[in-house]
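The values are calculated or read from the model by the stated rules, or taken from the named source; none is laboratory data. A quick note: this is a predicted structure, and the numbers were derived from the prediction, not measured. Counting neighbours? That spans all protein chains shown, and the Cβs are built from the backbone with ideal geometry, glycine included.
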Amino acid sequence: MGERVDLWSEIIESEEEGGDRFTDIPVVEAVYQRRNKLEKPSVAADLVWSTKGARTHSINGPKRDSWARSLSTRGRESIAVGAYVNNQPQKKPARRKKPAIPKGKVVKAPDFQKEKEYFHEVDAFELLEESPSPKTKNSSTWTMGEQVVPEMPHLATRLEKWLISKKLNRPCGPSSTLSKILENSNLTTRLEPIYDDDAFDSLDVKTPENSSASSASIFKLIQSCDDSLAAEDVPDIKIKTEEIDLEDELKRLSLTSELASTHLDYKKSFLDLLSACGQRQPSNFMEAFSKFCEPESIVKIGEGTYGEAFRAGSSVCKIVPIDGDFRVNGEIQKRADELLEEVILSWTLNQLRECETEAKNLCPTFIKTQDIKVCQGPYDPILVKAWEEWDAKHGSENDHPDFPEKQCYVMFVLEHGGKDLESFVLLNFDEARSLLVQVTAGLAVAEAAFEFEHRDLHWGNILLSRNNSSTLPFIIEGKEVFIKTFGLQISIIDFTLSRINTGEKILFLDLTSDPYLFKGPKGDKQSETYRKMKAVTKDYWEGSFARTNVLWLIYLVDLLLTKKSFERSSKDERELRSLKKRMEKYKSTKEAVSDPFFSDMLMDQIA
């Protein structure tokens, strides 16, 4: 450009000829710099928040991070407060008064057009050196004031090299996974999971190396180039990073990782479920049923939102479809990890029925689980026929069982516990007392043994039958007692919402994911009990709150007073109302079982 002309000197020299006309006018200096637009959150911050989530767990969808549900951390957000920040109102600086203009003299405003043109010329020539690094995506404009150096987001050296090689049309760049994603930024090729059913079915649960698939067998990956571009080969040029949306590509990379992780978790949960059921691969229905009855004798006896119940000889088989990608009875199918928890919980409660000589806690109250199997395939024609016969007689509320070839199920084989409390007819007040004392004592034993909470003990989950026995043995924390039954046997079923501490894992269902559970009609005893549980737990469903068991005992007393008809006197009703009032103070069923209402039904030995 040659020598730089001092425009200010020329202006001053020209004005000196006219005297001191402008000596009172202050000289204004213009300094031009870049004004950055508001920065977007960094890519790293976006990725952190994109991976955040509840664990979750609703009844109708994803609920936990893993089948163990063991003391996992719930999502929390913290508030950062800036330290040493002066928040007091600040005084505005005093405005500088303009100098008075002498009378009779006309002053024109300074014209800086030549100076602006000069700076634009300098800007065009030296922009590369004065501008922020080309790595930043922020565009800039000129403004007056002090120069501010913007904070530039970090880009890895390998990514920077790739961008430069792309600009220069080099044949290859970094050979990292990120490079493979960015090479396909035109979105013509997506990374999508491939479910190899044949390979999946052949996995052996006893071979650890086979229980987790490699990323090469799950995803289609693009071949990468050699990492041959050296840092010193990179010329100092300006790159338009807008050509590739890095944020979108990085988010897509995060999504791809989540897909891979989810698929691997699914396979591990399914393999763990098979292992818990003593299987290497799923069975078909007739193989499972043939161990308990002749297939032609199968009869449907009931149904629920998540499955069907069939009688197989002296046993009851509950069939629950899992892991399908379509809704059943209007609900999202349960996942393998959810059913795995119920399987472990069922086997754990079975331990309370084992009559060991040194058992500290024992009771026959919880339904006996005889077997659990994972099955695959469509409903057998025999099962479809049994379903349709029940539908013709009772009118099913469930969908017709038209399942595909690859559909999987969990089949619980349970002992036949009798009729549920809703349909069972109680004869007298003694049977009502027997119901209450057996449920209370059974929950007290499970509390002592496993910190157990049922959390869904409505009258459809209590089965009753009659026998010739007059007493039943219970052991609570090493103390043996015999309970009068008046010929009635109680069985508690359905542990879907239950919470238990096995000693190794805490199994529970996070009910915060199912808000509709707590929005039942006001005044309905069952709906009110769910809301009371929510108030007790404060939505921390992983914790131990024995009070929830007491809430269901209060619910049962309400049912006996308002929904069930049996022979009773006004004195009997007063005793039930007094029991309900006292239960409002109990924090556990261990306290409740010592209530005077049960005193004449608990004996130290058989009479």
Legend entry - Selection within region 502-528 - within 18 Å of Lys580 (Cα to Cα) and either touching a Ser or Thr at 6+ places or on another chain (Cβ under 9 Å) or not assigned by TED's automatic domain parsing to the domain that holds Glu422 (or both): Lys525
Inset, instruction - Please work out if Glu431 is in the same structural domain as Ser465 (by TED's automatic domain parsing) and under 21 Å from Thr485 (Cβ atoms). - result: yes
Legend entry - Residue list for region 530-565, filter: among the β-branched types (Val, Ile, Thr) and touching a residue at least 60 places away in the same chain (Cβ under 8 Å): Thr548, Val557
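Yes or no: Ser570 under 18 Å from Gly442 (Cα atoms) and surrounded by fewer than 19 Cβ atoms within 10 Å (Cβ to Cβ)?
Against the criterion (under 18 Å from Gly442 (Cα atoms) and surrounded by fewer than 19 Cβ atoms within 10 Å (Cβ to Cβ)), Ser570 does not qualify.
Here is a list: Ile506, Ile493, Ile483, Ile462. Which entry is of a type in the set (Val, Ile, Thr), under 22 Å from the mean Cα position of the chain (by Cα), buried (at least 17 other Cβ atoms within 10 Å of the Cβ) and within 27 Å of Thr369 (Cβ to Cβ)?
Values: Ile493 fails: under 22 Å from the mean Cα position of the chain (by Cα); Ile483 fails: under 22 Å from the mean Cα position of the chain (by Cα); Ile462 fails: under 22 Å from the mean Cα position of the chain (by Cα).
Going through Ile506, Ile493, Ile483, Ile462 in turn, just one is of a type in the set (Val, Ile, Thr), under 22 Å from the mean Cα position of the chain (by Cα), buried (at least 17 other Cβ atoms within 10 Å of the Cβ) and within 27 Å of Thr369 (Cβ to Cβ): Ile506.
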Legend entry - Top-ranked residue of region 322-375 - restricted to ones that are among the polar types (S, T, N, Q) and out of contact with any strand residue (DSSP E or B) (no Cβ under 8 Å at 6 or more places or on another chain), ranked as farthest from Val437 (Cα to Cα): Asn329
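Answer yes or no as to whether Phe482 is outside the structural domain of Thr365 (by TED's automatic domain parsing), more than 24 Å from Ala546 (Cα to Cα) and of a type in the set (A, V, I, L, M, F, W, C).
Working: outside the structural domain of Thr365 (by TED's automatic domain parsing): yes; more than 24 Å from Ala546 (Cα to Cα): no; of a type in the set (A, V, I, L, M, F, W, C): yes.
So Phe482 does not fit the description; no.
Could you please find all residues in region 512-529 being touching a His at 6+ places or on another chain (Cβ under 7 Å) and either without any contact (Cβ under 8 Å) to a residue 24 or more places away in the chain or more than 19 Å from Trp459 (Cα to Cα) (or both)? Please lay out each step first, then the result.
Residues of region 512-529 touching a His at 6+ places or on another chain (Cβ under 7 Å): 513, 526.
Matches in region 512-529: Ser513 only.
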Inset, instruction - Six or more apart or on different chains, Cβ under 6 Å: which pairs go from a residue in region 424-446 that's within 17 Å of Lys571 (Cα to Cα) to one that's assigned to a helix (DSSP H, G or I)? Could you list them? - result: Phe429/Asp572; Ala432/Leu560
